[in-house]
1. Hey, among V94, V113, V62, which residue is surrounded by 17 or more Cβ atoms within 10 Å (Cβ to Cβ), touching a residue at least 12 places away in the same chain (Cβ under 8 Å) and under 22 Å from P42 (Cα atoms)?
2. Can you tell me which residues in the range 79-112 are of a type in the set (S, T, N, Q) and farther than 20 Å from T125 by Cβ?
Amino acid sequence: MTQFNWGSKRLLLGLFLGLGVLGAASVAESQNPSPPDANPVPQQALTILADVQQANSITGIVTARGNVQLIYPARQIQATATQAQYFSRERRIVLTGNVYVLQKGNSLRGDSVTYLIDQEKFVATPVTNQQVESILLIRDNPPKTTNPNP
């Protein structure tokens, strides 16, 4: 297991979502170059800032603890939590501890929020005997206008 505890407390996981922990595939390619792929897989950066981060290249799990901030611009997601785990093989992110997620003006609060990357789906659970809170922006239908000239 590799532990990251950098002064900047930032790990840009070029987590090229789906290519493995810390771009392991990119490192392997740089050591054994292969011909350019005719159909490259789109890669989207996910940035995680935290007090302490660990990445396990065997399990493919990245864990961030303490003052976690998650920024995923491709999906317009920003989140804060006490802990975040990115499961690269399952392509999911689990945020725990006072979780707040903001996406396109909509927000979600709960004790635990799981984001299923491929399904673009959030699953939230509350602390026992409490509730999850969602604030959703809903567009009202424009008022119907009547034609003065029938």
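Any read-out appearing in this document is the output of simple, stated calculations on the displayed coordinates, not a laboratory observation. Note that the coordinates shown come from a computational prediction; the quantities given were computed from them, not determined experimentally. Here the Cβ positions follow ideal geometry from the backbone for every residue, glycine too, while neighbour counts run over all protein chains shown.
1. So the residue among V94, V113, V62 that is surrounded by 17 or more Cβ atoms within 10 Å (Cβ to Cβ), touching a residue at least 12 places away in the same chain (Cβ under 8 Å) and under 22 Å from P42 (Cα atoms) is V62.
2. S88
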